[in-house]
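First up is the structure itself, then whatever we jot down about it.
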Amino acid sequence: MTSHRLLLFIALAFSLVSCNTVKNTGNNAFRFGSRFVTKEIPRASRFVWNGVSGMFRGGDGSFWYADEMTGRPSVVINLGEQMVYLFKGGQLAGGSPISSGAEGYDTRPGKYHVIDKDIDHKSSIYGDYEDFSGNVIMQNIDNRIDRRPPGTRFEGAKMYYFMRIYGGVGMHQGYLPGYAASHGCIRLPAGMAEKFYSEVKVGTPVEVVP
């Protein structure tokens, strides 16, 4: 693609997308986020925008423009798409694939806020039973129902860059198998978990949509 055609392509993309962008007043960021991630933006603008944003996406479908943007952050987690989106001032600023709660441990849709951040968080429920030399004796246990063998200790699952949104549920670094597989939390790839953690504050609004 020549540089002239590339510039026209980008200009068209931004002109189309700007028709669906609103200022961040109240819950406008959420309304825009829901419209974007539920595919209500006209097909033409999404097609062109995806063509341009694909140039800046990671191989896993992640993308990030937030470092050059300003404005209050907000987050939209789309369970159907298995994606999380960051907005700054109502403008799309980044996105990442996720793995949310598996069946029976479903991540609850709703409007929340980040209520706690812990960069070195460990689960108080899920993890392993280890002996006192650090050897794993029982793996992937739930300490509420799995009895601890004698001579072992509980070691909580590591949830680096933890951003709690309700109860014991939050966004954090974790394994993504390509489908919803967690105990309710929202797992992100390591690099994207760190980026989201650096952008959100305690109090940042988070909306989880089906």
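Here are some notes:
- Selection status of S96, touching a residue at least 24 places away in the same chain (Cβ under 8 Å), in a strand (DSSP E or B), touching a Leu at 6+ places or on another chain (Cβ under 6 Å) and polar (S, T, N, Q): yes
- Meets criteria (free of Cβ contacts under 8 Å to residues at least 60 places away in the same chain and either in a strand (DSSP E or B) or touching a Phe, Trp or Tyr at 6+ places or on another chain (Cβ under 9 Å) (or both)) for K117: no
- Odd one out for E155 among (1) of a type in the set (D, E); (2) in contact with a strand residue (DSSP E or B) (Cβ under 9 Å, 6 or more places away or on another chain); (3) under 25 Å from T204 (Cβ atoms): (3)
- Figure legend. Inter-residue proximity from the stretch 62-82: first residues over 15 Å from P189 (Cβ atoms) and of a type in the set (S, T, N, Q), second residues modelled with pLDDT of 95 or more and crowded, with 17+ Cβ neighbours inside 10 Å, beta-carbon distance below 6 Å, spacing 6+ or different chains. Indicated pairs: S74/F87; S74/P205; N78/V209.
- Test: residue in the stretch 65-85 that is modelled with pLDDT of 95 or more, aromatic (F, W, Y) and surrounded by fewer than 17 Cβ atoms within 10 Å (Cβ to Cβ): yes
Here's the yes/no breakdown for (1) over 16 Å from the mean Cα position of the chain (by Cα); (2) closer than 30 Å to G151 by Cα; (3) crowded, with 17+ Cβ neighbours inside 10 Å:
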{"position": "S96", "(1), (2), (3)": "no, no, yes"}
{"position": "Y105", "(1), (2), (3)": "yes, no, no"}
{"position": "R108", "(1), (2), (3)": "no, no, no"}
{"position": "G134", "(1), (2), (3)": "yes, yes, no"}
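- Residue among H121, H113 that alone is at negative phi and in contact with a His (Cβ under 8 Å, 6 or more places away or on another chain): H121
- Complete set of residues in the stretch 151-187 that are free of Cβ contacts under 8 Å to residues at least 24 places away in the same chain and of a type in the set (V, I, T): T152
- Residue satisfying all of: in the stretch 120-132; closer than 30 Å to L86 by Cβ and surrounded by fewer than 14 Cβ atoms within 10 Å (Cβ to Cβ); nearest to the chain's Cα centre (by Cα) among these: D120
The values are calculated or read from the model by the stated rules, or taken from the named source; none is laboratory data. Model, not experiment: these values are computed from the prediction. A quick note on method: Cβ atoms are made from the backbone with ideal geometry, for glycine too, and the neighbour counts reach across all protein chains shown.
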